[in-house]
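Only the coordinates and a few stated rules stand behind these numbers; no lab work does. Because the structure is predicted, anything quoted here is derived from the model rather than measured. Every residue, glycine as well, gets a Cβ built from its backbone with ideal geometry; the counts of neighbours run over all protein chains shown.
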Amino acid sequence: MSDPSTESVPARVRSDVAHNARVWNYWLGGKDNYPVDRAVGDQVTGMYPSIGEVARADRAFLGRVVRHLAGDLGITQFLDIGTGLPTFNNTHEIAQHTVPHSRIVYVDNDPIVLAHARALLTSSPEGATEYIDADAHHPEQILRSVEPTLNLRQPVAVMMLGILNFVLDTGEARSVVSRLMDAMPSGSYLVLTHPTLELGGEGNEEAMRFWNEHATPPITARSRTEFAAFMDGLELLDPGIVSCAQWRPEPGAPAAEVAQFGAVARKP
Ligand SMILES: C[S@@+](CC[C@H](N)C(=O)[O-])C[C@H]1O[C@@H](n2cnc3c(N)ncnc32)[C@H](O)[C@@H]1O
């Protein structure tokens with residue numbers, strides 16, 4: 001485990017149970033993880049060898065989407081729920097590199113992400129970043145906390161990458177998304193990624209079962225139909241719902257399919 005110092009780590013951190021934010025960090029090549037995270041991460045990789053590729057494809061998708069939203073579509077406000085541990089190309093870095101006055105609110109409920117939040121708060125002088133320690137199951141709590149960093153009368157990109165899979169009940173997950181999007185004005189965007197057993201992800205079934213017995217929080221995969229329903233009432237941007245690796249890949253870059261849906265949709 002690198003920074004933070006032990007005294008800044010909140011008391012609710014458990015180093016004896018693998019946590020998703022830390023295992024995700026391990027799969028991305030980061031150092032902010034414990035032996036238990038690496039052990040579970042390796043076991044999952046043994047059952048589902050492409051998981052590291054999924055994590056990297058998800059981050060690359062994040063980068064392409066934020067650049068497109070800020071650079072081409074004029075979005076300067078981002079609500080990034082299920083932030084993960086700070087890594088390369090965090091949302092605020094990409095957004096503020098593209099448009100320096102971009103404003104970002106990060107939300108996660110992992111105590112280690114909280115301990116590292118300072119690294120997420122290095123805003124450009126023209127913009128702003130904020131970190132909220134909150135649970136995605138409680139969207140009203142998030143919405144109460146986003147202002148004044150975000151102005152909810154102006155469009156916002158709501159980003160939920162790799163997090164709805166931790167809201168196990170599909171009806172509840174849909175309700176979380178619609179309560180958040182109902183609070184956003186026309187011209188806002190919803191950005192999602194989600195693991196699936198489709199797109200060649202069948203091997204993830206055993207790995208997810210293992211995860212749910214040995215790690216936290218428990219996870220679920222979803223079908224294309226379930227994923228599409230999160231965007232009901234919104235307008236999907238091209239190319240629609242695809243493997244996140246194949247959402248507008250960089251010209252000339254290989255874009256092998258990974259079993260993680262990605263999509264961006266606009267609120268009319
Ligand atoms: C798979 S990581 C994805 C990180 C980042 N969004 C990305 O795409 O690289 C999921 C993140 O969601 C967070 N998370 C899981 N359940 C959550 C919940 N109920 N509320 C808030 N954050 C949650 C985890 O702590 C973790 O940081």
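Observations on the structure shown:
- Most mobile listed residue (P254, P139, P217) in the chain, GNM with C-alpha springs under 10 Å: P254
- Interchain or long-range residues, amide H under 5 Å from A18's placed H: T216
- Label separation (R118 vs E213): 4.1 nm, computed from points 7 Å beyond Cα along the C-beta direction.
- Cβ-based net charge around H19, under 10 Å, with every Lys or Arg adding one and every Asp or Glu removing one: 0
- Sorted by Cβ density within 10 Å, fewest first, the residues Y48, Y106: Y48, Y106
- Within the range 38-55, backbone nitrogen closer than 18 Å to the virtual label 7 Å beyond the Cα of E206 toward Cβ: 40-52
- Over the range 95-213, the alpha carbon radius of gyration divided by the compact-protein estimate 2.2 N^0.38 Å works out to 1.19.
- Unit charges on C-beta of K, R, D, E only; dipole of the range 171-268, Debye: 340 debye
- If you model the chain as an ellipsoid using its alpha carbon gyration tensor, with each semi-axis the square root of five times an eigenvalue, the axes come out at 26, 23, 18 Å, biggest first.
- Listed residues V40, A21, P100: farthest to the positive end of the dipole of the chain (Cβ charges): P100
- Neighbour cut-off at most 16 other Cβ (10 Å), DSSP loop, GluC sites (Glu not before Pro), the range 76-170: E126
- If you run the Gaussian network model on the chain, springs between alpha carbon atoms under 10 Å, then out of N89, N165, N204 the most flexible one is N89.
- Using θ = phi - 60° and Karplus 6.51 cos²θ - 1.76 cosθ + 1.60, couplings along the range 147-162 (whole Hz; Gly, Pro as x): 8, x, 4, 10, 9, 7, 8, 10, x, 10, 8, 8, 10, 10, 9, x
- Divide the volume of the convex hull around the Cα atoms of the range 37-95 by the residue count and you get 84 Å³ per residue.
- Estimated 222 nm signal from helices in the chain, with DSSP H stretches of n ≥ 4 weighted -39500 (n - 2.57), rounded to 500: -10500 deg cm²/dmol
- Descending by average beta-carbon neighbour count within 10 Å, the peptides 232-238, 193-199 line up as 193-199, 232-238, the highest first.
- Label zone at R38, where the point sits 7 Å out along the Cα-to-Cβ direction: the range 195-227 residues whose backbone N lies under 16 Å: none
- In the chain, the DSSP beta bridges split such that about 35 percent are antiparallel, to the nearest 5.
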